[in-house]
Amino acid sequence: MLADTFKGSNFINYNPSVIEGIVLHRKLDEFIDNYPSFIKLKQLLYPVLGKFASIAVDMFFDYFMALKIKNLGADYHKYCIDLQEEYQLVKNELTPDMLVLGGLIFERQWLLDYTTLIGMENIMNQMSGRVKNIVHFSDAIPVFENNKSLFTEEYEIFYQNLITIFPQQL
């Protein structure tokens, strides 16, 4: 998510782990944005969110990913703490936009919120504020709930392909 705020390709001033994270994030974004399941779900949300539908689908995929980490037996809370510690290690190398978003993610515990629909609604309401309430991301929740089996099925297909293409990174 932090890599979304990084513009351009001038990585000279960043340590290798930050560069690796930005490059991987961009590869994943490109894969996701062009994946048929993602496109199908984006079209489902388009009547509610317009051009912002892809952001909501991405957030729902994050929701499923967080649940998957929990269901694999991982200590998700510890996973979130570890990510925050990694963030603290590279914080002084991040752009101002990355710092703002990082602050939101960790101070408001977005990573923990991703594991529940109530938490997702909370994040979506905050995201609406970031886009000056042009759109209300939480309007996607009823569409998601009414089509949860479709979202789940499409995510699972997507995830199986994702781990085949990016096995070392996941």
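Observations
- Order by protection proxy (mean Cβ within 10 Å, highest first), peptides 42-49, 21-28: 42-49, 21-28
- Rounded to the nearest 20, the size of the Cβ-charge dipole of the chain about its Cα centre is 280 debye, with Lys and Arg at +1 and Asp and Glu at -1.
Quick note: the coordinates plus some simple rules give every number you see, no bench work behind them. Every value quoted in this text rests on a predicted model; they were computed, and no experiment measured them. Reconstructed Cβ throughout: ideal geometry from the backbone, glycine too, with neighbour counts over all protein chains shown.
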